[in-house]
Amino acid sequence: AQSVTQLDSQVPVFEEAPVELRCNYSSSVSVYLFWYVQYPNQGLQLLLKYLSGSTLVKGINGFEAEFNKSQTSFHLRKPSVHISDTAEYFCAVIGGATNKLIFGTGTLLAVQP
Amino acid sequence: DTEVTQTPKHLVMGMTNKKSLKCEQHMGHRAMYWYKQKAKKPPELMFVYSYEKLSINESVPSRFSPECPNSSLLNLHLHALQPEDSALYLCASSRLSGDTEAFFGQGTRLTVV
């Protein structure tokens, strides 16, 4: 079965600093990988997705992620964060027979001035 | 129109009340989903409808009753809920079940008193 691990529950960072949010997945079959963002009291918005092809995926709001099959990782990065990036970020996977979207536990990105 | 609209945004109900949550999309999507999200937790899948038919029920208690009257609408009927059912209820849709991009609504914040 597929699963997603986000080891960091919270990542504090200063404004204009770079950030990396970590995501590792486990699956014995090909997977589709996603990063979603959730602002306070809001629904989820898709940041980016990896389906196939180039391992470097660019998304909205200046975010990008790199799919690494050998390390089973899909880390999210941004070279310079803004206060407005403060939100909960969820890594998710679809794969295997279930075709269900499985979420990680989330990482709170807390951008400080 | 890439919106999934949920109403109401907030709902407070007693344990003996009957209420309904509503979700609407006009993207022509044939799969619709209900998720439950507790505070500081990832969304958990409750139900999946594919072509207006219930395809997945994640062992949800019968006090939650989904309904898909047509391809654009999804309801969640609530009856005799418990305080622990208080959560953010998210609706989502995708072109097809298990499709690689799901669009989420803003959610209904439910409080059971």
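May I ask which of A:49/B:22; A:78/B:40; A:100/B:22; A:100/B:18; A:69/A:100 have a Cα-Cα span longer than 25 Å here? It would help to have the intermediate numbers written out before the result.
Details: A:49/B:22 28 Å; A:78/B:40 23 Å; A:100/B:22 22 Å; A:100/B:18 29 Å; A:69/A:100 20 Å.
As for pairs spanning more than 25 Å Cα to Cα, those are A:49/B:22; A:100/B:18.
Would you kindly give the portion of the calculated P(r) for the stretch A:10-113 that falls above 21 Å, as a percent of all Cα pairs?
Values: 1656 of 5356 pairs.
Above the 21 Å cut-off, the stretch A:10-113 has 31 percent of its Cα pairs.
Please flag any cysteine in the protein assembly as shown that has no other cysteine's Cβ under 4.7 angstrom from its own Cβ.
Cysteines lacking a close Cβ partner in the protein assembly as shown: B:68.
Show which aspartates and glutamates lie in cross-link reach of residue B:38 when reach means a straight Cα distance below 17 angstrom and same-chain residues fewer than eight apart are skipped.
Excluding near neighbours in sequence, the set is A:88, B:58, B:84, B:85.
Using Cβ counts within 10 Å as a stand-in for footprinting exposure, how do B:32, B:27, B:13, B:46 rank, fewest first? Please list the in-between numbers first.
On the way: B:32 26, B:27 14, B:13 17, B:46 20.
Starting with the residue having the fewest Cβ neighbours, the order is B:27, B:13, B:46, B:32.
Report the per residue volume, in Å³, of the convex hull enclosing the C-alpha atoms of the protein assembly as shown.
Values: hull volume 27.9 nm³, N = 226.
About 124 Å³ per residue, rounded to a whole number.
Taking the square root of 5 times each eigenvalue of the Cα gyration tensor, what semi-axes in Å does the equivalent ellipsoid of chain B have, largest first? Let's see the in-between values first.
Numbers: eigenvalues 100, 38, 34 Å².
Those come to 22, 14, 13 Å.
Considering only C-alpha atoms, what is the centroid distance from the stretch B:1-76 to the stretch A:13-48, in Å?
Answer, in whole Å: 23.
Suppose we flag GluC sites (Glu not before Pro) only when DSSP calls them loop and at most 14 other Cβ atoms lie within 10 Å. Which is the longest uninterrupted stretch of chain A? Before the final figure, lay out each step's value.
Working: sites that count: A:15, A:16.
Here the longest run is A:17-113.
Taking the Cα centre of the protein assembly as shown as origin and charging only Cβ (+1 Lys, Arg; -1 Asp, Glu), how large is the dipole, in debye to the nearest 20?
Working: 20 positive and 19 negative charges, 97 e Å.
With Lys and Arg at +1 and Asp and Glu at -1, about 460 debye.
Can you give the net charge of the other residues whose Cβ lies under 11 Å from the Cβ of residue A:36, counting K and R as +1 and D and E as -1?
Numbers: positive: A:49; negative: A:88, B:101.
So the environment of residue A:36 carries a net charge of -1.
Run the numbers on chain B and let me know its relative contact order in percent, using alpha-carbon pairs under 8 Å that are six or more apart.
Details: 295 pairs, mean separation 42.0, N = 113.
Relative contact order here is 37 percent.
Since every read-out is calculated from the coordinates, none of them should be taken as a lab result. These figures come from a predicted structure and were not determined experimentally. Ideal geometry is used to build each Cβ from the backbone, glycine not excepted, and the neighbour counts take in all protein chains shown.
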